[in-house]
Each structure stands twice: as structure tokens, then as C-alpha cells.
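This report refers to the structure that appears directly beneath it.
Laboratory data are not the source of any read-out in this text; all were calculated from the coordinates shown. This one's a predicted model, so the numbers in the text were calculated from it and none came from an experiment. Cβ atoms come from the backbone with ideal geometry, glycine included; neighbour counts cover every protein chain shown.
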Amino acid sequence: MKTSVANALQQGTGPADDGWYWLYRTFDTLAPQGSLRRSAFCTYYTPSKVELANNGRLYRWLGVALFGRFIPTGGIAVRRATGTRMAPYTLARSTVSAARDFYYRACVFESLHFPFFVALLLLAVQRASIGRIDYAIQETILNLLVNVYPMLHHRNTRRRIYSILANKKNLIGDLV
């Protein structure tokens, strides 16, 4: 099953009509389909047994589900308050292909946060090394809010989509 769901990432570019096509193309350029780098990405992005255990208890314990409700770029509470759909952050249809597209987008969006996570982490370490612990703490908190928790939110989203695809596999046969 793990390889079938990972193929959602392996199979290619995301939808071109959601405003993020440039990001999908960049991801596909950095990790072309069929490449070793793409296979490594697929392995990293496939939810682990710990993530899948107890229907996502780890993410609920860390507060990721609550955080996900209030994300300005697509949290449920924000969407309800503004009345917007925010298509890139929403499962478009109840189909296997829509679930695969959504899985792919979650991988790409997590990838977008990673370089900023590393940059803020290095900056916090540098500030701590020169004795500016106050700035290091400030940058660590900022990093948690704008990078770590959004990345965990995307991982939780993939865990949920993975579970949907796993259930679909049991109902309709092979996904690939």
C-alpha cells in the first residue's frame, strides 16, 4: 500500500488551475519524475507508522489539528469566517484522483516551508552563539508558528489522505 500511495507524488505535477503551478513546476524541476531524488521525496512524504497510529493521535496531542483550524491560508475557521473556498487547501472532489492531487499539493507546500525553516533555525543558532538568547528564542517561536506547525499540518493532511486512499484501495482495488 505504501508504494501505491507514494505514487500520488511520483506521478507528477499538481493541478495547473489553482494559482500554484509555478511551485509545482519548480518541485518537478528539482525532483523530476522517475528520479532517485523523487523516490527519496516519496519515501520522506509517506506517513510513518507512528503518524498513522491511533488515527493521528500524535498530531492531536501536539495541537496540530487545532492549529490547522486557524491557519490564515486555509484553516477551517478562517474559511468559514471569510466565506472563501481556498481551493489549493481543499479536497476538491471525493475521487481518488482528487485525493492524489491533494496529497501532492500537501507535499509541495511542506517543501516550500523547509528552506525557511532551515534559515530561521540557523539564524536562531547564530544568535544563541553570540549570546543573544532573547533573539534566538524569538526566532525559534516564529519558526514554530510559520514553518514547523504548518509543516506538521501538511504531514497530518497527508496522513488523512493516505488513510482515505488506503480505504479506497480496499474498496476498489489497486490505486495505480
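As a test of understanding, state the convex hull volume per residue of segment 81-155 from its alpha carbons, in Å³.
Values: hull volume 6.6 nm³, N = 75.
Each residue corresponds to 88 Å³ of Cα convex hull volume.
In sequence order, what are the phi-derived ³J(HN,Hα) couplings for segment 156-164 according to the Karplus relation 6.51 cos²θ - 1.76 cosθ + 1.60 with θ = phi - 60°, rounded to whole Hz, with x for glycine and proline?
These are the phi-based 3J(HN,Hα) values: 5, 4, 5, 4, 5, 5, 4, 5, 4 Hz.
So for each of 56-69, 119-132 I average, over its residues, the number of other beta carbons within 10 Å; can you give me the resulting order with the highest mean first? Write down the numbers at each step before the final one.
Details: 56-69: 15.7, 119-132: 13.9.
The peptides rank, most packed first, as 56-69, 119-132.
Would you tally the net charge around P32, using a Cβ to Cβ cut-off of less than 14 Å, leaving P32 out, and scoring K and R as +1, D and E as -1?
Numbers: positive: R25, R37, R38; negative: D28.
Combined, the nearby Lys, Arg, Asp and Glu give +2.
With a 10 Å Cβ neighbour count serving as the proxy for reagent exposure, in which order, fewest first, do R37, R100 appear? Display every interim value, and only then the final one.
On the way: R37 10, R100 21.
Taking fewest neighbouring Cβ atoms as first place, the list is R37, R100.
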